[in-house]
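Student: Shown below is the structure under consideration.
The values are calculated or read from the model by the stated rules, or taken from the named source; none is laboratory data. This structure is a prediction, so every number in the text was calculated from the model and none was measured. No Cβ is skipped: glycine too gets one built from the backbone with ideal geometry, and neighbour counts run over all protein chains shown. Surface areas here come from the heavy atoms of the whole protein model, side chains and all, with no ligands, DNA or RNA. Shrake-Rupley method; radii C 1.70, N 1.55, O 1.52, S 1.80 Å.
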Amino acid sequence: MTDPGYPSAHPAPPGCPAHAGAVRLGGLEYQQTPSQLYRALRREHGPVAPVLLDGDIPAWLVLGYSELTYVTSHDELFARDSRRWNQWENIPQDWPLLPFVGYQPSVLFTEGEEHRRRAGVITQALEGVDQFELSHDCRLIADDLIARFSGSGQAELMADFVHALPMRAVVQMCGMPTSGEDTRRLVDDLRISLDAGEDDDPVAAYGRVGERLRQLVKDKRAAPGPDVTSRMLRDPAGLTDEEIVQDLISVIAAAQQPTANWICNTLRLLLTDERFAVNVSGGRLSVGEALNEVLWLDTPTQNFIGRWAVRDVRLGGRQIRAGDCLVLGLAAANTDPQIWPEGHVGAENAAHLSFSNGEHRCPYPAPLLADVMARTAVETLLERLPDLVLAADPEELTWRPSIWMRGLDALPVRFTPVMQ
């Protein structure tokens, strides 16, 4: 993910479904300004572009809104079981994207009736979360975090607030302690498995996440409580412990890191865009509008891997072979000029693809719970620190080096100290 070769073409490896114009998804320039790469790929290749993943493994990046909607709506053509991939013989055991694509007996890779069964268990468990209670809990968590730095007049919000709040809320929903070394390690390992740095081992981190959640499931079988894990265990669908562990990984990973980056990107927008910086306090542009605009323009999950072609098929003018991998370009699709011909993204509507689409989209009510966490976090911070301002030039803010997640390295702020 740190290949400096963006956006130059690179010769395709043997058996590559793409031609020699394939572009590596990586490099510092791409990581900081991915929209430039999406525009370049559209100009050269159209709505479906040949790309190279880590180790120059070939894939297709679906850039078009209508094409991505089509892919995610036709599971009979573009399925989730990664064992169909025609590139497995070229994948090393330590490939950094294995946590994304290595087949696991989880809801992410199931299909058809089995997927509906597994997703139904998650839906029922999440529907048991009271949204008003979640908002109340998030406000208490936010107050506690803010109190730790409010007297200093300055903070680095990514470490002090943004990542910590959804982490504590999510582990509390699942029945884990909200603090302690075990919880901290779990969250660190989730981050590494989803968004690995250059020196991280995402495969090992993913294994540790599974071990911690196996212990949680064992504990909840012995002593159930009013939490997501216990409700999954009680569901009449009768999932095995290992199925619940795998699905909990999906639930926690989808809730913590993306929600944190949603909070981050919304705060960045509020602190750097005059439309919001001037008007939020006056009520003309709301936090809700900022949250929605971020889902269109700076969605936390930029790309998602993926779908695998069930048979040979044409898509966006491309010949896709059976077993080819398709990366869902959620961020690119959200800004597709075919749906915004004037170049203006209408953030007032919610037809974005940030929670994906089709049967494998984020299960209801997960997007609503994420919205509760993000909205409460942002609103509480602005209420407690009303003169919050950015403590750096906007141009100095840098994005984490990831093609998958969109979030800042750091978000320094200053404000009038609040004495407790």
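Student: From (1) within 28 Å of Ile91 (Cα to Cα); (2) outside any strand (DSSP E or B); (3) touching a helix residue (DSSP H, G or I) at 6+ places or on another chain (Cβ under 6 Å), pick out the condition that doesn't hold for Arg311.
Tutor: (3)
Student: Just one of Arg284, Arg314, Arg275, Arg361 is modelled with pLDDT of 95 or more and either in contact with a Pro (Cβ under 6 Å, 6 or more places away or on another chain) or not hydrophobic (A, V, I, L, M, F, W, C) (or both); which is it?
Tutor: Arg314
Student: Those residues that are aromatic (Phe, Trp, Tyr) and either crowded, with 19+ Cβ neighbours inside 10 Å or in contact with a strand residue (DSSP E or B) (Cβ under 6 Å, 6 or more places away or on another chain) (or both), I need them from region 98-107; list them, please.
Tutor: Phe100
Student: Does region 198-226 hold any residues that are open to solvent by 50 Å² or more (accessible area, probe 1.4 Å) and outside any helix (DSSP H, G or I), and which are they?
Tutor: Glu198, Asp199, Asp200, Asp201, Ala223, Pro224, Pro226
Student: Just one of Val327, Val413, Val372, Val378 is of a type outside the set (S, T, N, Q) and over 19 Å from the mean Cα position of the chain (by Cα); which is it? Don't jump to the end; show me each part of the working.
Tutor: Numbers: Val327 fails: over 19 Å from the mean Cα position of the chain (by Cα); Val372 fails: over 19 Å from the mean Cα position of the chain (by Cα); Val378 fails: over 19 Å from the mean Cα position of the chain (by Cα).
When all the criteria are applied, what remains is Val413.
Student: Can I ask one more? Can you name every residue in region 227-262 that is open to solvent by 10 Å² or more (accessible area, probe 1.4 Å), in contact (Cβ under 8 Å) with a residue 40 or more places away in the chain, assigned to a loop (DSSP other than H, G, I, E, B) and not hydrophobic (A, V, I, L, M, F, W, C)?
Tutor: Asp235
Student: So which residues in region 149-184 are in a helix (DSSP H, G or I), touching a helix residue (DSSP H, G or I) at 6+ places or on another chain (Cβ under 7 Å) and open to solvent by 10 Å² or more (accessible area, probe 1.4 Å), if there are any at all? Break it down stepwise before answering.
Tutor: Filtering region 149-184 for residues in a helix (DSSP H, G or I) gives 149, 157-162, 164-173, 181-184.
Imposing the further condition that a residue be touching a helix residue (DSSP H, G or I) at 6+ places or on another chain (Cβ under 7 Å) reduces the set to 149, 157-158, 160-162, 164-173, 182-183.
Scanning region 149-184 gives Phe149, Asp160, Ala164, Met167, Arg168, Gln172, Met173, Asp182.
Student: Still on this model: Just checking, how many residues over region 39-60 are of a type in the set (Phe, Trp, Tyr) and open to solvent by 10 Å² or more (accessible area, probe 1.4 Å)?
Tutor: Selection size over region 39-60: 0.
Student: From the list Arg185, Arg208, which one is under 30 Å from Gln31 (Cα atoms), at pLDDT below 90 and over 19 Å from the mean Cα position of the chain (by Cα)? Let's see the steps before the verdict.
Tutor: Numbers: Arg208 fails: at pLDDT below 90.
One residue alone meets the criteria, Arg185.
Student: Within region 187-197, track down each residue that is part of a helix (DSSP H, G or I), farther than 19 Å from Leu369 by Cβ and of a type outside the set (Asp, Glu).
Tutor: We begin by selecting, within region 187-197, every residue part of a helix (DSSP H, G or I); these are 187-194.
Going one step further and asking which of them are farther than 19 Å from Leu369 by Cβ, we end up with 188-189, 191-193.
Result: Arg191, Ile192, Ser193.
Student: Moving on. Please indicate, with yes or no, whether at least one residue in region 108-126 is of a type in the set (Val, Ile, Thr) and over 30 Å from Trp85 (Cα atoms).
Tutor: No, region 108-126 contains no residue that is of a type in the set (Val, Ile, Thr) and over 30 Å from Trp85 (Cα atoms).
Student: Count, please, the residues in region 67-97 that happen to be of a type in the set (A, V, I, L, M, F, W, C), open to solvent by less than 40 Å² (accessible area, probe 1.4 Å) and assigned to a helix (DSSP H, G or I). Please lay out each step first, then the result.
Tutor: First pass over region 67-97, keeping only residues of a type in the set (A, V, I, L, M, F, W, C): 68, 71, 77-79, 85, 88, 91, 95, 97.
Narrowing further to those that are open to solvent by less than 40 Å² (accessible area, probe 1.4 Å): 68, 71, 77-79, 85, 91, 95, 97.
Keeping just the survivors that are assigned to a helix (DSSP H, G or I) gives 68, 71.
Total satisfying the criteria: 2.
Student: Do we find a residue being over 25 Å from Asp188 (Cβ atoms), open to solvent by 40 Å² or more (accessible area, probe 1.4 Å) and in contact with a strand residue (DSSP E or B) (Cβ under 6 Å, 6 or more places away or on another chain) anywhere in region 108-122?
Tutor: yes
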